[in-house]
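These notes concern the structure reproduced below.
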Amino acid sequence: MEALIPAPADCEVRSVIKFLNAQSIAPIEIHCQLCWVYGPNFMSKQMVRRWCRQFSAGQQSVHGEKRSGRPSIITDGLVELVRVHIMENCCITITELSSHVPHISCSLLQKIVTEHLLFRKLCARWVPKQLTPEHKTKHMEMLSAGIVFLHDNARPHMARQTASLLQEFSWEVFNHPPYSLDLAPSDFHLFLHLKNFLSSEHQHFENDREAEMVVTQWFQSQAADFYDTGIQKSVPWYDKCLNSSGDYVEK
């Protein structure tokens, strides 16, 4: 079950325990409610009982005791363990990550991921906040490895800055016939199938984030030959356009 509130602060959860305990709700019931909101592995039953006892005994603060000289539990080994799990599954959530390291709180895992490993979420995936020099070198090698770039004649695509950047990447630009926006594979193939998928499934989204996740998952679920088919279809489409001397062409 996905957490409704992922990676909350420890003091927030203790405030909830304190509030529910004041209403004489049993610790086991408090634990069930915490699991439903924050995820099944967020806090153990024993920890909930301990905080309930402390609040019942008169403790008011929801913050843990500060201890001078207390060693940090964030070790190099722990950071590396978290990194390995993220590299194995870049879409893993903090709640799912906590099932692999149950002795570490979700708030601490969030700190490790964002402050120690310097990852951030982009399109439901963990990605580095900054590219290392090795990443940059690798990207430039990929960008200059025999790429043929196809885009339409939209004004931003034809701008001088765009042309200079493509030249810097050493990309071969495939000439696009004027007034032929439908020749882009993304228009006649990719977006067409995506539109059919969304309409056939009668999709309804509560917000932009939910729509983004569904579309991203659909892109990732398509096999490589699906995208290859779209590229191959561009050949007869271009032939029809060029052989008609610019006249409109029906399918």
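The values are calculated or read from the model by the stated rules, or taken from the named source; none is laboratory data. Note that the coordinates shown come from a computational prediction; the quantities given were computed from them, not determined experimentally. For neighbour counting, all protein chains shown are included, and Cβ atoms are generated from backbone atoms with ideal geometry for every residue, glycine included.
Quick notes on this one:
- Complete set of residues in the range 12-28 that are closer than 15 Å to Met47 by Cα and not in a helix (DSSP H, G or I): Ala26
- Scanning the range 159-178 for residues that are surrounded by 11 or more Cβ atoms within 10 Å (Cβ to Cβ) and either at pLDDT below 70 or touching a Gly at 6+ places or on another chain (Cβ under 6 Å) (or both) returns Phe174, His176, Pro177.
- Contact map, the range 98-115: residues that are outside any helix (DSSP H, G or I) paired with residues that are surrounded by fewer than 21 Cβ atoms within 10 Å (Cβ to Cβ) and among the acidic types (Asp, Glu), Cβ distance under 9 Å, separation 6+ or inter-chain. Pairs shown: Ser105/Asp10.
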